[in-house]
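Student: Below you'll find the structure I mean.
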Amino acid sequence: MKKGRKWLIPILIFLLGIVTFFYAVIHYNSLFIFSGDNFEQEYLFILGGLNRIKEGNFSYYDWSAGFGADFLIYSFFSSPLSLLLAIIKNNLVKYSVLYLQILKITIIFCFAYLWISKLSKHKTTIWVGALLTAFSGWVFRYYNFTHFLDGYMFYPLILYFVERYFQDNKKMGLVITIAILGVVNYYFLYM
């Protein structure tokens, strides 16, 4: 029973995400709606990344990929969740991005829940803090830029491991998380 209860919180938050975007799920057939020119840039960016993964070619500059797509493509490669889209057929990607974003918000909630549980033992404080982190204005401001949420997911996880380091003197999680963040930053900034 206890194992099932562990999964209850993430499932509830995922369902809350679906309720939050219920209008898009019902009226747009789960099509991810981008504002402004984000559709042109972000959707092509995702398709370009998927094509490169499927072709196994990660190093050439493609002038037809659209402005910024070649620079941002490396952030796509450094995102474990964006790589999940590689198992989906290209014509279904635009219908899957909405659920991928909801999954990212759910993971942000879970990591924030972990972090705040190291700061407080009050369940109400932990729930409110994790909900405020996962459904904050920052998350929804950058929701259309799918790769920014990947970086934000690591923020509460790093804070969790920092707290574990300070409270329990556990160094390994902090070292591994900073190493992963270093790899992600390398691809975000240098490549």
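The values are calculated or read from the model by the stated rules, or taken from the named source; none is laboratory data. Every value quoted in this text rests on a predicted model; they were computed, and no experiment measured them. For neighbour counting, all protein chains shown are included, and Cβ atoms are generated from backbone atoms with ideal geometry for every residue, glycine included. Remember, those area values only see protein heavy atoms, side chains included, never the ligands or the DNA or RNA. Shrake-Rupley method; radii C 1.70, N 1.55, O 1.52, S 1.80 Å.
Student: Of all residues in the range 117-135 being over 19 Å from the mean Cα position of the chain (by Cα) and of a type outside the set (S, T, N, Q), which is least open to solvent (accessible area, probe 1.4 Å)?
Tutor: Taking the range 117-135 as the starting set, the residues that turn out to be over 19 Å from the mean Cα position of the chain (by Cα) are 117-128.
Then drop every residue that is not of a type outside the set (S, T, N, Q), which leaves 118-119, 121-123, 126-128.
Working: 118: 43, 119: 94, 121: 169, 122: 128, 123: 127, 126: 8, 127: 78, 128: 74 Å².
My answer is 126.
Student: Just one of (1) more than 17 Å from the chain's Cα centre (by Cα); (2) under 27 Å from residue 16 (Cα atoms); (3) among the β-branched types (Val, Ile, Thr) trips up residue 175, so point out which.
Tutor: Only one criterion is unmet by residue 175, namely (2).
Student: Can you tell me which of 155, 143, 113 is in contact with a helix residue (DSSP H, G or I) (Cβ under 7 Å, 6 or more places away or on another chain) and without any contact (Cβ under 8 Å) to a residue 60 or more places away in the chain?
Tutor: On the way: 155 fails: in contact with a helix residue (DSSP H, G or I) (Cβ under 7 Å, 6 or more places away or on another chain); 113 fails: without any contact (Cβ under 8 Å) to a residue 60 or more places away in the chain.
Exactly one of 155, 143, 113 is in contact with a helix residue (DSSP H, G or I) (Cβ under 7 Å, 6 or more places away or on another chain) and without any contact (Cβ under 8 Å) to a residue 60 or more places away in the chain, namely 143.
Student: Is it the case that residue 138 is open to solvent by 20 Å² or more (accessible area, probe 1.4 Å), assigned to a helix (DSSP H, G or I), within 25 Å of residue 79 (Cα to Cα) and touching a residue at least 24 places away in the same chain (Cβ under 8 Å)? Explain how you work it out, then say what you get.
Tutor: Numbers: open to solvent by 20 Å² or more (accessible area, probe 1.4 Å): yes; assigned to a helix (DSSP H, G or I): yes; within 25 Å of residue 79 (Cα to Cα): yes; touching a residue at least 24 places away in the same chain (Cβ under 8 Å): no.
The answer is no for residue 138.
Student: Then there is this: Looking at 152, 113, 143, 160, can you tell me which residue is crowded, with 16+ Cβ neighbours inside 10 Å and not in a helix (DSSP H, G or I)?
Tutor: Details: 152 fails: not in a helix (DSSP H, G or I); 113 fails: not in a helix (DSSP H, G or I); 160 fails: not in a helix (DSSP H, G or I).
Only one candidate qualifies: 143.
Student: List the residue pairs whose Cβ atoms are under 9 Å apart, where the first residue sits in the range 167-191 and is modelled with pLDDT of 65 or more, the second is part of a loop (DSSP other than H, G, I, E, B) and among the hydroxyl-bearing types (Ser, Thr, Tyr), and the two are 6 or more positions apart or on different chains.
Tutor: 183/78; 184/78; 184/79; 185/78; 186/78
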